[in-house]
Protein chains: 2
Amino acid sequence: MEDERTYAYANAMKGGEGPHSYAQNSNYQRGVVEAAKEKIIEAVANHLDIKTLSASLNQVCVADLGCSTGPNTFISVQNIIEAIQHKYISKGLNTQIPEFLVFFNDHVSNDFNTLYKSLPPHRQYFAAGVPGSFHGVLFPKASLHFIHSSYALQWLSKVPLDVIDEGSPAWNKGRIFYTNAPKEVVEAFATQFAKDMESFLIARAQELVIGGLLALFTPAIPDVMSNSDTFTGTELDLLGSCLMDMAKVGLVSEAKVDAFNFPAYFTTPKELKALIERNGHFSFERMEILNNQKKHFTLRNPSMSSLSLRATLGGLLEKQFGNEIMDELFNRYSKKVAGSSFFLKPETEKTMVLFVLLKRNN
Amino acid sequence: MEDERTYAYANAMKGGEGPHSYAQNSNYQRGVVEAAKEKIIEAVANHLDIKTLSASLNQVCVADLGCSTGPNTFISVQNIIEAIQHKYISKGLNTQIPEFLVFFNDHVSNDFNTLYKSLPPHRQYFAAGVPGSFHGVLFPKASLHFIHSSYALQWLSKVPLDVIDEGSPAWNKGRIFYTNAPKEVVEAFATQFAKDMESFLIARAQELVIGGLLALFTPAIPDVMSNSDTFTGTELDLLGSCLMDMAKVGLVSEAKVDAFNFPAYFTTPKELKALIERNGHFSFERMEILNNQKKHFTLRNPSMSSLSLRATLGGLLEKQFGNEIMDELFNRYSKKVAGSSFFLKPETEKTMVLFVLLKRNN
């Protein structure tokens with residue numbers, strides 16, 4: 001029933017609670033969650049019909065897709081539940097407030113043990129974990145009322161095969177991402193993203209009740225910008241150049257660098273809109289840019305940037321290059337970031353978070 | 001919403017997949033699962049009304065409580081689902097076969113990561129994990145159709161306080177279980193079991209739909225037998241005596257042995273029946289003794305017995321006494337088992353598995 005391929009992004013996040021773990025280094029993502037709160041409140045207040053919820057035995061089912069190990073997922077879920085409770089109260093339906101069942105989803109290799117240990121003790125919902133790729137169907141038909149996903153859609157289900165194929169015009173030699181790569185490479189990534197979004201939307205359309213909401217927060221770039229101007233693109237470019245430097249002095253194998261690409265893609269509002277319209281099962285309720293107050297704090301500081309990148313992507317790098325080169329790699333990276341003028345110019349901080357609110361139509 | 005105490009039994013099972021893991025050493029429990037298959041088939045065929053299932057949006061929810069890390073839980077769940085599918089087919093309702101959502105429950109400290117990695121790839125159900133004690137409510141009201149629990153109810157939510165209280169007549173000095181203990185000790189364990197069963201049944205009555213089934217498989221002893229005649233009681237008694245031997249030669253602290261008791265209790269059919277009747281929310285559909293074909297194989301072999309005990313209880317012992325004494329302890333135990341005539345006499349194999357099938361009444 002579920003596609004059991006090992007998804008490339010699955011080992012990206014560092015599990016556990018150590019100094020390099022995602023749980024300890026997801027400040028930027030926390031900023032997204034905080035800015036998302038008002039969007040969630042508005043979504044529930046103006047776009048979620050209580051009749052949609054009441055049809056289902058006084059039980060509301062919420063899912064967070066790509067939850068990682070917390071704590072951000074718990075804040076998002078709490079915001080959703082409080083918004084729904086508030087809606088009942090504001091309509092004088094205090095006695096009809098439903099029970100909540102929350103599904104925390106991430107890939108099978110996510111550290112669910114850590115997630116479960118940090119579940120809020122006084123939560124007002126029943127909690128369940130759902131292991132598996134959100135590019136496949138994860139829940140029975142029409143069983144969810146509200147699906148949320150924050151900072152997860154940018155992960156591809158796999159690295160596009162062409163970019164690691166020496167014989168292909170899209171071979172991405174000497175780079176680990178499509179920043180500043182030939183257009184064939186960029187197109188290979190874009191094509192994979194389109195396929196993944198198609199699978200994602202087909203699955204969600206099946207799982208949501210009619211009238212149910214899908215709230216997506218995803219990093220993106222403005223329609224009129226190239227990826228080389230973006231913050232994350234430049235970060236990954238720098239990290240790739242550190243790996244190539246290390247390959248030149250024999251610290252890592254160059255063939256391993258060539259064979260490695262980050263399975264991620266930053267969409268544009270226009271591109272994402274077209275993919276959603278092509279699916280046809282959702283009506284657009286909202287599409288806007290989120291204001292993340294924390295990004296300056298996290299991104300302007302080279303060692304914070306290094307820690308944040310290591311927490312988010314370290315697992316994937318370790319798998320390819322081994323744990324023993326990680327300190328060296330991120331030391332080199334910190335130095336390059338500190339010496340790069342790109343990170344000091346506010347006008348270059350052009351990676352944004354896109355908020356899209358969709359409703360499952362009839 | 002959920003009681004967040006750290007339950008004593010939670011660290012009993014050895015996680016992971018190593019040579020001392022529960023996953024590799026649950027042969028006896030596997031025998032229970034195999035013998036249970038025909039009971040499950042009969043339960044669904046004769047006691048589960050399709051109308052009960054069809055009321056819920058063509059989605060059937062099944063829970064396995066105390067699932068551990070597998071693989072036995074997957075076999076049980078498969079048996080339940082095939083039995084339900086077969087029931088639809090046998091009634092000519094092939095096109096109405098529902099989708100299945102299966103909840104795997106165990107304590108927060110269970111190794112869910114291992115469980116998820118071993119989920120059957122071609123399963124015909126959606127899978128979710130639910131961390132938390134089954135002595136509390138784990139699911140929304142009337143949200144489950146079939147609850148299953150195998151070899152888990154014997155675990156108490158905690159060691160009764162009296163048995164580790166030096167000032168109490170129920171102080172269980174020099175023993176780690178109630179086998180051959182004064183009646184005050186036995187009563188303290190029985191009282192804790194009664195409280196735990198009360199919480200368990202209250203929670204299940206709330207979670208099951210009217211007409212939903214609760215299938216319990218639990219180790220028990222015959223009504224007319226004392227615990228000192230039982231297999232597991234004698235095993236734990238021997239293990240306790242090994243610990244006391246080690247205390248005498250200074251390998252473990254005697255105070256630590258006194259402070260340690262296994263949080264488990266083996267009920268009798270009569271006792272369990274009375275507790276279920278007192279709850280009042282269930283009708284008795286079946287109550288019978290299971291025939292476990294594998295028990296001879298597992299229990300007659302001293303080293304198998306030692307491995308099996310270590311897999312089931314090793315985690316709990318490690319927590320109290322440290323990992324470093326485990327090899328010594330189980331070596332001593334294997335020798336004592338080999339030298340004990342108790343384990344050679346077939347008539348002493350009197351621990352049995354009780355099958356109880358309950359239906360949630362109106």
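The values are calculated or read from the model by the stated rules, or taken from the named source; none is laboratory data. Treat the numbers as computed from the prediction; the structure is a model and nothing was measured. In this analysis, Cβ positions are derived from the backbone assuming ideal geometry, glycine residues included, and neighbour counts consider all displayed protein chains. The accessibility values were calculated without ligands, DNA or RNA, using every heavy atom of the protein model including side chains. Shrake-Rupley method; radii C 1.70, N 1.55, O 1.52, S 1.80 Å.
Summary table below
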quantity	calculated
Estimated buried accessible area (total), pair B and A, 1.4 Å, Å² to nearest 100	2900
Shielding of A:126-138 by partner chains, average beta-carbon count, 10 Å	5
Label 7 Å beyond Cα on the Cβ vector: B:SER340 copy-to-copy distances, nm	6.6
Zone of B:LEU161's modelled label, taken as backbone nitrogen in segment B:233-261 under 18 Å from a point 7 Å along Cα→Cβ	B:259-261
Shielding of B:99-105 by partner chains, average beta-carbon count, 10 Å	3
Accessible carbon and sulfur surface of segment B:8-360 relative to its total accessible area, %, 1.4 Å	52
Label geometry 7 Å along the beta-carbon vector: A:GLU198 inter-copy distances in nm	6.0
Placed amide H near B:VAL130: partners under 5 Å, 5+ positions off or other chain	A:GLY129, B:PHE104, B:ASN105, B:ASP106
Protection proxy ranking of A:266-272, A:248-254 - average other beta-carbon atoms within 10 Å, highest first	A:266-272, A:248-254
Solvent-accessible ranking of B:TRP155, B:TRP171, largest area first, probe 1.4 Å	B:TRP171, B:TRP155
Fully extended contour minus Cα-Cα distance, from A:ILE289 to A:SER340, at 0.36 nm per residue	15.7 nm
Inter-copy label distances at A:GLU277 (7 Å, Cα→Cβ; nm, one decimal)	7.1
Inter-site label distance for B:ASN46 and A:ASP327 at 7 Å from Cα along Cβ, in nm	6.8
Segment B:8-360: radius of gyration over Cα atoms, expressed as a fraction of 2.2 N^0.38 Å	1.00
³J(HN,Hα), Karplus 6.51/-1.76/1.60, whole Hz, each residue of segment A:104-115, x for Gly, Pro	9, 10, 7, 4, 3, 8, 4, 7, 5, 4, 5, 4
Rounded accessible area of A:TYR88 (nearest 10 Å², 1.4 Å probe)	10
Segment A:185-291, Cα convex hull volume normalised per residue, Å³	129
Projected area averaged over orientations for segment B:32-77, convex hull of C-alpha atoms, nm²	3.8
Interchain or long-range residues, amide H under 5 Å from A:LYS158's placed H	A:ALA8
Per-residue ³J(HN,Hα) for segment B:172-184, Karplus 6.51 cos²θ - 1.76 cosθ + 1.60, θ = phi - 60°, Hz, x for Gly and Pro	9, 5, x, 10, 10, 7, 8, 4, 6, 8, x, 4, 4
Ordering of B:278-285, A:77-84 by burial proxy (mean other Cβ atoms within 10 Å per residue, highest first)	A:77-84, B:278-285
Whole-Å distance, taken between Cα centres, linking segment A:75-122 and segment A:135-195	29
5 angstrom amide H check on B:THR267, placed H, neighbours 5+ away	B:ILE221
Average other protein chain Cβ within 10 Å of Cβ, residues A:118-125	3
